[in-house]
Amino acid sequence: MILVAHHGPDSDNALDWAAREAVRQQDSLTIIHVIALPGITGDMPELPEELVEAADQLLAGAAERARSLGVTEVDTLKGYRSVTAAIVEASREAELVVVGNRGHGEAASAALGSVAYAVTSHSSCPVIVVRGDGHTDLTGEHPVVVGIDGSRSGVHAAYFAAEMAARAGAPLHVVGVWDVSGLGSVSQEFAARVGVVGLKDKHEAQMSKWVDLALAKLKERHPDLAVDGKVVQGSPVVALREASDGAGLLVVGTRGRGGFAGLLLGSVSHRLIHDSGCPVAVVR
């Protein structure tokens, strides 16, 4: 089951993306709308009838829109209180969660961005944050791009990206990014003393090995998949944003090798769900 959060016209981009993916996967689609009740604890209060009716009408319209895009099995679900908590709870039954990341005005966009961040941090399954207008689909002209760094999260991201690309008939670009920019100010004498001479070359060589290994594994799993790879030095956020220009989907892990175990979402994935020009999938 694919779960998509819907709160009105601002999230039609996410709804359309989720509907097309449900058709590709021949899977069911569940549309969730959350009636936010901030500050309410304990037993659920009796809600105004007009509030419930408005939610039902919104869900009915969203379901009809999904069916018009070819989805054959559509369910609707109402959540209450916390938007994030309702989506995260429903994610336990889903294979994929889709949320939008835009709104009317700066405040609305910030609110949606905070929901996207929280859901990608806590969801039980991969989350796709639909950036832009949501009409850029996965095709031969709009490939899947995945960032890897040798971490377990990056490995899972690569496998997920390959499955998405293979199902859509889209090519896959594997990008390995390494960044040791802080070493630029280290003197040769100090580098020799602490044993970091040639560290940049070692980083690049190690990343090349990871990319080559990823390509071999992915081609073994998906022999018909058009997949290539490259190694880039620089900021992971900038490199992946540039590599995904024109892509149908950018895939990253929740945390890279440089992340702290206590962080729920790494800084790279966090920034990309806000800054990328295409939909971004975050995979644990």
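The values are calculated or read from the model by the stated rules, or taken from the named source; none is laboratory data. Since the model is a prediction, treat every value here as computed from it, not as a measurement. A quick note on method: Cβ atoms are made from the backbone with ideal geometry, for glycine too, and the neighbour counts reach across all protein chains shown. Quick note on the areas: whole protein, heavy atoms, side chains included, nothing else; ligands and nucleic acids left out. Shrake-Rupley method; radii C 1.70, N 1.55, O 1.52, S 1.80 Å.
What the table shows:
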item	result
Residue list for the range 15-39, restricted to those being touching a Pro at 6+ places or on another chain (Cβ under 9 Å) and more than 18 Å from residue 73 (Cβ to Cβ)	37
Test result for residue 247, at pLDDT below 95 and either open to solvent by 30 Å² or more (accessible area, probe 1.4 Å) or assigned to a loop (DSSP other than H, G, I, E, B) (or both)	yes
Identity of the residue in the range 68-117, on the phi > 0 side of the Ramachandran plot and exposed (fewer than 15 other Cβ atoms within 10 Å of the Cβ), that ends up modelled with the highest pLDDT	70
Neighbours by Cβ (under 7 Å, 6+ apart or cross-chain): first from the range 154-181, within 17 Å of residue 247 (Cα to Cα) and open to solvent by 30 Å² or more (accessible area, probe 1.4 Å); second charged (D, E, K, R) and outside any loop (DSSP other than H, G, I, E, B)	167/24; 173/228
Residue within the range 44-64 that is closer than 27 Å to residue 284 by Cβ, over 17 Å from the mean Cα position of the chain (by Cα) and either among the acidic types (Asp, Glu) or buried (at least 21 other Cβ atoms within 10 Å of the Cβ) (or both) present	no
Odd one out for residue 211, checked against (1) open to solvent by 70 Å² or more (accessible area, probe 1.4 Å); (2) part of a helix (DSSP H, G or I); (3) of a type outside the set (S, T, N, Q)	(1)
Residue that is modelled with the lowest pLDDT, among those in the range 25-44 that are of a type in the set (Gly, Ala, Ser) and more than 30 Å from residue 165 (Cα to Cα)	42
